[in-house]
Amino acid sequence: MADQYARSGDDIGPTGIPAIRWDEPPEGPVLVLLDQTRLPAEEVELVCTDAPALVEAIRSLAVRGAPLLGIAGAYGVALAAARGFDVEEAADALEGARPTAVNLAVGVRRARAAHRAELGRSGDRKQAAEAALAAARALHREDAEASSRMAAHGLVLLDELLPGGGHRVLTHCNTGALVSGGEGTAFAVALAAHRVGRLRRLWVDETRPLLQGARLTAYEAARSGMAYTLLTDNAAGSLFAAGEVDAVLVGADRIAADGSVANKVGTYPLAVLARYHHVPFIVVAPVTTIDLGTPDGASIEVEQRAGHEVTEITAPQVPMAGAEAGGGIAVAPLGTQAYNPAFDVTPPELVTAIVTEEGAVSPVTADALAELCDRSRQV
Ligand code: MRU
C-alpha cells in the first residue's frame with residue numbers, strides 16, 4: 001500500500017534531497033520515496049508499506065534512475081521481510097518491475113541473498129529481515145561513496161580533455177541526487193566542475209516524453225546555483241553546430257560487456273552528434289551498472305512504455321504567470337499510435353570514456369571493462 005503526504009520542502013537542498021529513506025514509525029517499517037512524478041511542482045513523499053506499492057512506484061517512475069532503482073529494490077526486499085510478507089515472491093516482483101536498468105536486479109539480489117543466507121544459518125525470520133535491511137543500507141552507503149568518487153574521476157577527465165576550463169556541458173535525462181544515495185553520476189561530475197568554477201553552462205535536454213531533464217535536472221541545477229539552459233531534445237543538433245558544446249555527460253542504465261551503453265532514449269543521437277562535431281562523449285556510471293553477463297548492445301532488453309506518454313503531456317504543471325504560461329497538454333489526435341522505447345543503446349565506438357568510481361576506461365573495450373570489474377571485486 002502507498003500513502004502520500006506533502007512536506008515543507010525547506011529542508012530539501014540541492015545535494016541532500018532525500019530521494020529515498022527507510023523509516024520505522026510505530027505502525028511498522030516503511031519505505032519513503034520523494035515522488036518524482038510530482039516534481040518540480042510539489043515535493044510530495046510516497047510512503048510504501050509493501051512490495052506491490054513499490055513495484056507500482058517503480059513502474060510509474062515515482063522512483064527512477066539506475067542507481068536509485070537498485071537501492072529501492074534492496075529496501076523493497078527488506079520491507080517485505082520486515083512486514084512478514086513472502087520475500088521470494090516480493091523479490092521476483094521487484095526484479096521484474098523494469099527490465100533495462102541492471103542495478104534494480106543487482107540491488108534486489110543482494111538483499112535477497114543476505115535474507116536467504118541468514119534464514120539458512122539461523123532460521124530466524126527477524127534476523128533474516130535485519131540482514132536484508134543491513135544489505136540495503138550498505139548498498140545505499142556504497143552508492144553515495146561511489147558517487148563522490150565518480151565526480152572526482154570525472155572532473156579530472158574533463159580537465160584533461162578540455163584543458164582550457166570553462167566547460168559547456170550537455171546532459172540528457174536526470175542523473176543527480178534524485179537517482180542516487182549521493183550526488184549522482186553524470187550530474188555529480190557537472191556539479192563538481194561547477195564547485196571549482198569550471199562549469200560555464202549546463203545544457204539540459206528536456207528529455208521527452210517524460211521530461212526528466214526539464215522537470216528534474218533543471219530543478220537540481222537551479223537549486224545548486226548552476227548556470228543552466230533548457231533545450232528541446234531536437235535543438236541539440238543546432239547547438240553542436242553553433243560550437244556551443246564542449247562535452248556530453250550522461251549516465252547509463254546498463255553497460256554491456258562490449259561497452260554498449262543503454263541510457264534514456266535520445267542518448268544515442270547525442271553520441272552521433274558528438275562524434276560528428278569532435279566533442280567528447282562521456283558516460284558516468286557506477287561499476288554496478290556494468291553487466292558482464294550481457295554480451296553486447298543487441299542483448300540489452302529495452303523497456304517499451306505506453307503510447308499515451310507520447311500522445312499526451314502529463315507532467316505536473318508548475319504555477320506560472322504572465323505571457324509565458326502555456327497550459328495546453330493535448331499533442332496528438334485521439335487514436336494516434338506511438339513508438340515509445342524508454343532507452344536506446346549507444347555502441348562503444350561512440351563513447352569517449354566510461355567513468356566509474358574505480359576510474360575511467362578510455363578507449364572503451366571489452367578487455368578494459370572486464371579488467372575494471374575485476375579490480376573492483378578485489379577492493
Ligand atoms: O526512465 P528513467 O527516468 O529511470 O531513466 C533514467 C536514465 O536513463 C538515467 O540517465 C540513468 O538511469 C542513469 S542515472 C544515473
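Among the residues in region 73-92, are any within 17 Å of the chain's Cα centre (by Cα) and more than 23 Å from residue 302 (Cβ to Cβ)? Even if it seems obvious, please write down each step before you answer.
Pass one, region 73-92, residues within 17 Å of the chain's Cα centre (by Cα): 73-75.
Still in the list and also more than 23 Å from residue 302 (Cβ to Cβ): 74-75.
Yes: region 73-92 contains one or more residues that are within 17 Å of the chain's Cα centre (by Cα) and more than 23 Å from residue 302 (Cβ to Cβ).
Okay, residues lined up against (1) within 15 Å of the ligand (Cβ to nearest atom); (2) without any contact (Cβ under 8 Å) to a residue 60 or more places away in the chain:
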{"residue": "99", "(1), (2)": "yes, no"}
{"residue": "110", "(1), (2)": "no, yes"}
{"residue": "129", "(1), (2)": "no, yes"}
{"residue": "134", "(1), (2)": "no, yes"}
{"residue": "146", "(1), (2)": "yes, no"}
{"residue": "158", "(1), (2)": "no, no"}
{"residue": "184", "(1), (2)": "yes, no"}
{"residue": "191", "(1), (2)": "yes, no"}
{"residue": "194", "(1), (2)": "no, yes"}
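Keeping to region 220-264, report how many residues are surrounded by fewer than 23 Cβ atoms within 10 Å (Cβ to Cβ), within 16 Å of the ligand (Cβ to nearest atom) and closer than 30 Å to residue 105 by Cβ.
1
Can you tell me how many residues in region 341-353 are within 30 Å of residue 310 (Cβ to Cβ) and part of a strand (DSSP E or B)? Don't jump to the end; show me each part of the working.
Quick first cut of region 341-353, residues within 30 Å of residue 310 (Cβ to Cβ) only: 341-351.
Going one step further and asking which of them are part of a strand (DSSP E or B), we end up with 341, 343-346.
Matching residues across region 341-353 total 5.
With the checklist (1) outside any strand (DSSP E or B); (2) within 16 Å of the ligand (Cβ to nearest atom); (3) not charged (D, E, K, R) in hand, flag the one item residue 46 doesn't pass.
Condition (1) is where residue 46 drops out.
Give the number of residues within region 145-182 that are surrounded by fewer than 17 Cβ atoms within 10 Å (Cβ to Cβ) and either in a helix (DSSP H, G or I) or among the small types (Gly, Ala, Ser) (or both).
Residues of region 145-182 surrounded by fewer than 17 Cβ atoms within 10 Å (Cβ to Cβ): 145, 148, 152, 156, 159-161, 163-166.
Filter again for either in a helix (DSSP H, G or I) or among the small types (Gly, Ala, Ser) (or both), leaving 145, 148, 152, 156, 159-161, 164-166.
Result for region 145-182: 10.
Could you run through region 265-278 and say how many residues are away from the ligand (no atom under 15 Å from the Cβ) and either surrounded by 24 or more Cβ atoms within 10 Å (Cβ to Cβ) or closer than 20 Å to residue 206 by Cβ (or both)?
Filtering region 265-278 down to residues away from the ligand (no atom under 15 Å from the Cβ) leaves 272-278.
Keeping just the survivors that are either surrounded by 24 or more Cβ atoms within 10 Å (Cβ to Cβ) or closer than 20 Å to residue 206 by Cβ (or both) gives 272-274.
Residues meeting the conditions: 3.
Report whether or not residue 121 is over 22 Å from the mean Cα position of the chain (by Cα) and in a helix (DSSP H, G or I).
Values: over 22 Å from the mean Cα position of the chain (by Cα): yes; in a helix (DSSP H, G or I): yes.
Criteria met by residue 121.
Is it the case that region 203-218 has a residue that's within 11 Å of the ligand (Cβ to nearest atom), farther than 17 Å from residue 166 by Cα and assigned to a strand (DSSP E or B)?
Taking region 203-218 as the starting set, the residues that turn out to be within 11 Å of the ligand (Cβ to nearest atom) are 205, 207, 209-213, 215-217.
From what is left, the residues that are farther than 17 Å from residue 166 by Cα are 205, 207, 209-213, 215-217.
Those left that are additionally assigned to a strand (DSSP E or B): 205.
Looking for residues that are within 11 Å of the ligand (Cβ to nearest atom), farther than 17 Å from residue 166 by Cα and assigned to a strand (DSSP E or B), one finds at least one in region 203-218, hence yes.
Going by the conditions given, is residue 71 in contact with a helix residue (DSSP H, G or I) (Cβ under 6 Å, 6 or more places away or on another chain), surrounded by 19 or more Cβ atoms within 10 Å (Cβ to Cβ) and not small (Gly, Ala, Ser)? Steps first, please.
Numbers: in contact with a helix residue (DSSP H, G or I) (Cβ under 6 Å, 6 or more places away or on another chain): yes; surrounded by 19 or more Cβ atoms within 10 Å (Cβ to Cβ): yes; not small (Gly, Ala, Ser): yes.
Considered against the rule, which asks whether it is in contact with a helix residue (DSSP H, G or I) (Cβ under 6 Å, 6 or more places away or on another chain), surrounded by 19 or more Cβ atoms within 10 Å (Cβ to Cβ) and not small (Gly, Ala, Ser), residue 71 comes out as yes.
Cβ contacts < 6 Å: first residue under 7 Å from residue 302 (Cβ atoms), restricted to region 336-350; second residue more than 16 Å from the ligand (Cβ to nearest atom) and of a type outside the set (Gly, Ala, Ser), any location; separation 6+ or different chain. Result?
Nothing qualifies.
Every number here is computed from the coordinates shown, using simple stated rules; none is lab data. Small disclaimer: the values here were computed from a predicted structure and weren't measured. Please note: Cβ atoms are built from the backbone with ideal geometry, for glycine as well, and neighbour counts cover all protein chains shown.
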